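So the structure is just underneath, and the comments pick up after that.
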Amino acid sequence: MKKKYLYAVMTATMLSLGSCSGFLDTKPDTLLTQDQTFGDPTLVKSVLANFYGRVTIGQRIDDWDQWTMLDEVIHFDTNSDENVNRNKWRTYDYTLVHDLNQFLAGIKPSNAVDDATKTAYIGEVRYIRAWLYFCMGRTLGGVPIINDEIFNYTPGMDITTLQIPRSTEADLYDYVISECQEAAKMLTKDTNKNSARANYWVAKMLEARAALTAASLATYNTAEAHPQLRTSGGEVGIPFSKAQEYYKIALAAAKDVIENGPYKLMLASEQTHKAYADNFYKAVCQKDGNTEVIWCRDYVSPGQTHQFTKGNLPKSIEQDTGSDRLSVLLNLVEAFEPLNATEEQKGTSIPFEIGTPENPKFFAEPTELFMERDPRLMGSIIVPGATFDSKVIELQAGQLRKENGLWSEVTGARNSYDEDGRLITANNGPFGGNDREINRTGFYVRKYLDATPSAGTIGRGSEMWNVYFRIAEAYLIASEASWELSRDNTDTDALKYINAVRNRAGISSLNTIDHEKIMHEYRVEFAFEGNRWWDLKRWMEASKIWTGEPTARTSQRLGLWPFKVVASGDPNDGKWVFIEKDMQKLDLWRRPLKCTDAQYYSEIDNGWINNNPKLVKNPYQ
């Protein structure tokens, strides 16, 4: 019988799966039957390309305002949000599951592609499906698993045949792990341009991440610690007894990538703070010669770009209207440890030594304070006085003047000067008030900013990729899994893997390792890369850190404003001081961050239940 499934297909001239990935958002312009689609190798490839474009899920580079849910950034507008939105980044896309299954059914009998290509395509689609299920499961817990079945509704049919109950949370991760293992057998071990397509190593990375997620949930979401955060059918809640096996799977998959894969940690050209910082930026953001990025959502000009750089360039170097959106929080900045940190200080957030407004500490240059920290700080974040695209980024909140022996803050409008022609407040700020397109905290995002000419314009946009997996994650997964399996704070393998990442960054090795140090390393290594919420969730740590208490430092949204000293005759005249600012007290971000157990799992939507009464609700619904 002739197949009647229809495919939305892009024009052949837009396809370039083998050379780049800039086609992913191209709008379909033709509807073809299954027989037509799978009779043409170019059209088969176009359908596969479409799938890649539909799995840019979760925190991502083209939706940067959503990053403000975390303790990493805020935007310049005032905000009164408090509780973490439990449904942010929720995914429940069975239309895509249907389309993926339909592709698998159509490609198997097709004679349009050779057997080797067919096997590779099947592997890619099974991987994409596993990634989709993983993204659904990390928000919802167990979801219906339909394997290869294709459900099509016909008026008058018995709809109960389409109603599949939710899997257990453990079964969801078992399925993802198994699918990754099967997909890996079909996929090449070769790399591809800009790491835009799945290969064997991409599948192993998802296997490792999924197994680690399941192991963490089994370890930390226990009935004793979180008695209400489970369902009677196991849709939420993984038995503690399964944790060790999951950690073993994660460790084996991560070690495979580290020991046998083509990806390597990138080493700095010289052992200087600047070289380490620039090397880290390149390890995440530079496509040419990159050996760290394993899988990403790529963007290509013309036609397939995004506006992250335009929206987040400092005002002083903007290329188009609508810049200066995000400001990085001091909460993240002070997580980058001092270079001289003691073993006890490593893996903790250390406030900067800045004195007090009445008795400040003075610095010859604004960058001096930050040169004493982990170089990944300046590889990820633009600090006062740092450069981007060879341009100095001037951040000055005001002047600190000495009058009658006392220090006082003087601020003005942006680009304001005193009677002697000295700058009071810089064009970039930081500043409070009602101004838009101005920095609030004293820090900008550097990671993912694109220095390519015109990348910050509406007309061109940025080609900066959105990274999903880097080799550094394989190292940290191996370290975490090794430590969890042994719970030995001197575990040789755990230290070996985590120190490889630290040494690449120019930071000293750990002599001991524990859960706190592991969490810290993920935070500073993967800032802004979309890992923070999922890591805190699998460890059940977000509710401990974001308590909603206005006096709790981890819940506050903080900035660190630089002031230029104006004190004629004083030896510190012309130097710099820093004063900590609370965004709540400035009436900018008016409530502290708050997370409870209720936020850890998204809601099962009532509309889904209306269509499928076999679904059960999640805890706290």
request  = Kindly establish whether Glu484 is in contact with a His (Cβ under 9 Å, 6 or more places away or on another chain), in a helix (DSSP H, G or I) and closer than 18 Å to Lys346 by Cα.
outcome  = no
inquiry  = Going by what's in this entry, would Ile57 be described as aliphatic (A, V, I, L, M), more than 23 Å from Gly234 (Cα to Cα) and part of a loop (DSSP other than H, G, I, E, B)?
reply    = yes
request  = Please indicate, with yes or no, whether at least one residue in segment 399-410 is charged (D, E, K, R), buried (at least 16 other Cβ atoms within 10 Å of the Cβ), under 25 Å from the mean Cα position of the chain (by Cα) and modelled with pLDDT of 95 or more.
outcome  = no
task = For Asn279, work out the one condition from (1) among the polar types (S, T, N, Q); (2) crowded, with 17+ Cβ neighbours inside 10 Å; (3) under 22 Å from His75 (Cβ atoms) it doesn't fulfil.
result = (3)
query = Quick one: how many residues across segment 37-61 are hydroxyl-bearing (Ser, Thr, Tyr) and in contact (Cβ under 8 Å) with a residue 40 or more places away in the chain?
reply = 3
ask   = Hey, Ala253 hits all of (1) part of a loop (DSSP other than H, G, I, E, B); (2) farther than 25 Å from Ile438 by Cα but one; which does it fall short on?
value = (1)
query = Looking at this structure, is Glu207 touching a helix residue (DSSP H, G or I) at 6+ places or on another chain (Cβ under 7 Å) and among the charged types (D, E, K, R)?
reply = yes
inquiry  = Can you say whether Val125 is touching a strand residue (DSSP E or B) at 6+ places or on another chain (Cβ under 6 Å), more than 18 Å from Ser167 (Cα to Cα), modelled with pLDDT of 95 or more and among the aliphatic types (A, V, I, L, M), as far as the supplied structure shows?
reply    = no
Scan of segment 409-434 for residues that are part of a strand (DSSP E or B) and either charged (D, E, K, R) or more than 16 Å from Trp576 (Cβ to Cβ) (or both), ordered by number = Glu409, Ser416, Tyr417
key: Counted residues, segment 201-224 - those being more than 15 Å from Trp534 (Cα to Cα) and either assigned to a loop (DSSP other than H, G, I, E, B) or without any contact (Cβ under 8 Å) to a residue 40 or more places away in the chain (or both)   = 3
key: Unique match (being part of a helix (DSSP H, G or I) and either surrounded by 24 or more Cβ atoms within 10 Å (Cβ to Cβ) or modelled with pLDDT of 95 or more (or both)) among Ala451, Ala478   = Ala478
inquiry  = Need the failing condition index for Lys496 against (1) more than 30 Å from Thr425 (Cα to Cα); (2) in contact (Cβ under 8 Å) with a residue 24 or more places away in the chain, just the number.
reply    = (2)
request  = Hey, can you tell me all the residues within segment 238-269 that are crowded, with 20+ Cβ neighbours inside 10 Å and of a type in the set (Ser, Thr, Tyr)?
outcome  = Tyr246, Tyr247, Tyr263
key: For Ile177: the one exception among (1) modelled with pLDDT of 95 or more; (2) assigned to a loop (DSSP other than H, G, I, E, B); (3) among the aliphatic types (A, V, I, L, M)   = (2)
ask   = Name the pairs: first residue in segment 140-151 and closer than 25 Å to Gln599 by Cβ, second residue among the acidic types (Asp, Glu) and crowded, with 24+ Cβ neighbours inside 10 Å, Cβ to Cβ under 7 Å, at least 6 apart or on different chains?
value = Gly141/Glu169; Gly141/Glu235; Gly142/Glu169; Gly142/Glu235
query = With respect to Asn331, is the statement that it is buried (at least 16 other Cβ atoms within 10 Å of the Cβ), assigned to a helix (DSSP H, G or I) and at pLDDT 95 or above true?
reply = yes
message = Filter segment 138-155 down to the residues that are at pLDDT 90 or above and part of a loop (DSSP other than H, G, I, E, B) and list them by number.
response = Gly141, Gly142, Val143, Pro144, Ile145, Ile146, Asn147, Asp148, Glu149, Ile150
Filter pass, Gly123 being touching a helix residue (DSSP H, G or I) at 6+ places or on another chain (Cβ under 8 Å) and assigned to a helix (DSSP H, G or I) = yes
ask   = Does segment 545-561 include one or more residues that are in contact with a Lys or Arg (Cβ under 9 Å, 6 or more places away or on another chain), of a type in the set (Ser, Thr, Tyr), buried (at least 17 other Cβ atoms within 10 Å of the Cβ) and farther than 26 Å from Gly379 by Cβ?
value = yes
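The values are calculated or read from the model by the stated rules, or taken from the named source; none is laboratory data. All values derive from a computational prediction rather than experimental measurement. Neighbour counts are summed over all protein chains in view; Cβ atoms, including those assigned to glycine, are modelled from backbone coordinates with ideal geometry.
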